[in-house]
1. Considering only the stretch 43-71, state which residues are in contact with a Phe, Trp or Tyr (Cβ under 9 Å, 6 or more places away or on another chain), more than 14 Å from residue 82 (Cβ to Cβ) and modelled with pLDDT of 95 or more.
2. Which of the strands (runs of 3 or more DSSP E) found entirely inside the stretch 135-229 contain at least 3 residues meeting this: surrounded by 21 or more Cβ atoms within 10 Å (Cβ to Cβ) and not assigned by TED's automatic domain parsing to the domain that holds residue 106?
3. Look through 129, 110 and report the one residue that is of a type in the set (Ser, Thr, Tyr), without any contact (Cβ under 8 Å) to a residue 40 or more places away in the chain and surrounded by fewer than 22 Cβ atoms within 10 Å (Cβ to Cβ).
4. Do the conditions hold for residue 413, that is, is it assigned to a helix (DSSP H, G or I), touching a residue at least 40 places away in the same chain (Cβ under 8 Å) and not hydrophobic (A, V, I, L, M, F, W, C)?
5. Could you tell me which of the residues 45, 63, 51 is touching a residue at least 40 places away in the same chain (Cβ under 8 Å), outside the structural domain of residue 200 (by TED's automatic domain parsing) and assigned to a loop (DSSP other than H, G, I, E, B)?
6. Looking at the stretch 98-107, which of its residues are part of a strand (DSSP E or B) and buried (at least 19 other Cβ atoms within 10 Å of the Cβ)?
7. For residue 326, state whether it is within 20 Å of residue 145 (Cβ to Cβ) and not hydroxyl-bearing (Ser, Thr, Tyr).
8. Conditions first: (1) among the polar types (S, T, N, Q); (2) farther than 30 Å from residue 369 by Cα; (3) crowded, with 20+ Cβ neighbours inside 10 Å. Residue 277 passes all but one, so which condition is the exception?
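The values are calculated or read from the model by the stated rules, or taken from the named source; none is laboratory data. All values derive from a computational prediction rather than experimental measurement. Every residue, glycine among them, receives a Cβ derived from its backbone with ideal geometry; neighbour counts consider all protein chains shown.
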Amino acid sequence: METSDDKLERRLYSHDLAPLPKEMDMIFKTMPDQVIRPGYTEEVAQMVRKAIATKKPIVPRGAGTWGLGGSVPVKGGYVLDMTAMNKIISIDERNLTVTVQPGITWKALSDALDAKGLFLPCYPSSAPSATIGGWIGTGGTGIGAYKYGTAGDLIRDLEVVLPTGITIHTGDKRVPANGAGPNLNWLFVGSEGILGVITEATLAILPKPEETRFVSYSFENLSKFAPALRRIVRSNVTPMHIMFGDKLHFDYLRGLGKHAPDVGCMITMSLTGSKGSVELEEKTLDEIVAATGGAKMPKEVADHEWSERSYEFRVREMGVGAIPGEILVPIDSLEKVLADMDKLVKGMKLKAPTIGTIADNNTVMLMPYYLTEEHNFWRSTAAMGFGKKLGDIAFENGGRPVGLGIFFAANLSKYRGKDGAELIRSIKKTMDPYEIMNPGKLVETGTRWGISMPAFLMNFGMNMMAGMKKLMPRDKMGERELSKLKK
């Protein structure tokens, strides 16, 4: 087990994908007291027992590719970097399961399975860096979820070190957990590390499909794509994955000198199955798109876009902060949500390209991201109000934001209702009697002073940030890159 007290290294663990202004340290103690890298389960259990004895928080962390502060301390303590636990324990080709440690990346696992003619049905877009445990902890719905289900649907069994130091298994390695009482696998999916530390996962896998094919289509804008989308999700076509980006997203990429199309928006789908079924699905998609005003893109465009599926935030190469929002909304509300988002972006004087995926046949995941000067306290803090306002749009249109973390824990009651939220808080209190396991997240917005920030105060603060942003001068982030396209 490696440990580090180095100040610079500890500072690296004081943020995740979304950098926090240093002034936030007045509210949150984001700097951990120590960084720990365990190598196996018993070392994790030892650290949990140490956290109990020293009365210090323990914060599980994967690769930090999330942006809501779920793996960032709010009260200092020990950060448990799980990336050293990155081994494949076994691949069971007969029973079609794989057992891994939580720190292995989804891409590393996918590559190992691919070499054996096997197939990982679902993984995050951040697969090259996102870890198995981290994505399970955030309840991911990603690439492959439309056809094969989400991360939680893949789980056969988890090994988890509880906040009391006890280690349990939540399911069965070979068969589903159905009919054996409440499904404990799902208790930890989306729990954001507040109920225990995942130390091993057994996932269901599949034989590699006979055929995998990528197709892309362009539309005038995302609203024009909506009628085609509604026909696709009610057809017999079941793509593995459906993803899209709007004009501004692709304009930024071209402004950076990347290979990207000049389109109003582009939709890319991955089709899997037998050669005959894939050909039939492609033909059906071609007909639907042609009938709804879209155009098919060349095969090389689709192949390239698929190869870029894990690098949607290349705009960070501009040297600015690119902070994503993330909401789930019903497909029926798509045009209304897009119009509301456009009004919000203009009102806050932001530039916010939109990318996204189709989560299931009734749900769109929209991920607008905004560019900000991450080292400018006032601009970066004020722009954080965008996430709150974006969530409000989702709620108003029958959807919701994705994730809670530090900043959106106030949404728990909106997600689950007052009584449901209290049940989740009581589960947390029962399972974590010493209040050491990733405190200040999901069920509350904790502070370095040990006082939880009331939901109304957090929402008020977020609304104030959004109001401040409207009073500031228009953002000019990205204008240099866009101006290159006009020359």
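1. Correct list: 50, 51, 52, 54, 55, 56, 57.
2. Numbers: elements: 155-161, 167-169, 197-204, 211-219.
Qualifying strands (runs of 3 or more DSSP E): 211-219.
3. Numbers: 129 fails: without any contact (Cβ under 8 Å) to a residue 40 or more places away in the chain.
Sole residue among the options that is of a type in the set (Ser, Thr, Tyr), without any contact (Cβ under 8 Å) to a residue 40 or more places away in the chain and surrounded by fewer than 22 Cβ atoms within 10 Å (Cβ to Cβ): 110.
4. Numbers: assigned to a helix (DSSP H, G or I): yes; touching a residue at least 40 places away in the same chain (Cβ under 8 Å): yes; not hydrophobic (A, V, I, L, M, F, W, C): yes.
Yes; evaluated as a whole, the condition is true for this residue.
5. On the way: 45 fails: assigned to a loop (DSSP other than H, G, I, E, B); 51 fails: assigned to a loop (DSSP other than H, G, I, E, B).
Result of the check over 45, 63, 51: 63.
6. The first filter runs over the stretch 98-107 and keeps only residues part of a strand (DSSP E or B), leaving 98-100, 105.
Residues satisfying the conditions are 98, 100, 105.
7. Working: within 20 Å of residue 145 (Cβ to Cβ): yes; not hydroxyl-bearing (Ser, Thr, Tyr): yes.
For residue 326, the condition - within 20 Å of residue 145 (Cβ to Cβ) and not hydroxyl-bearing (Ser, Thr, Tyr) - is met.
8. (3)
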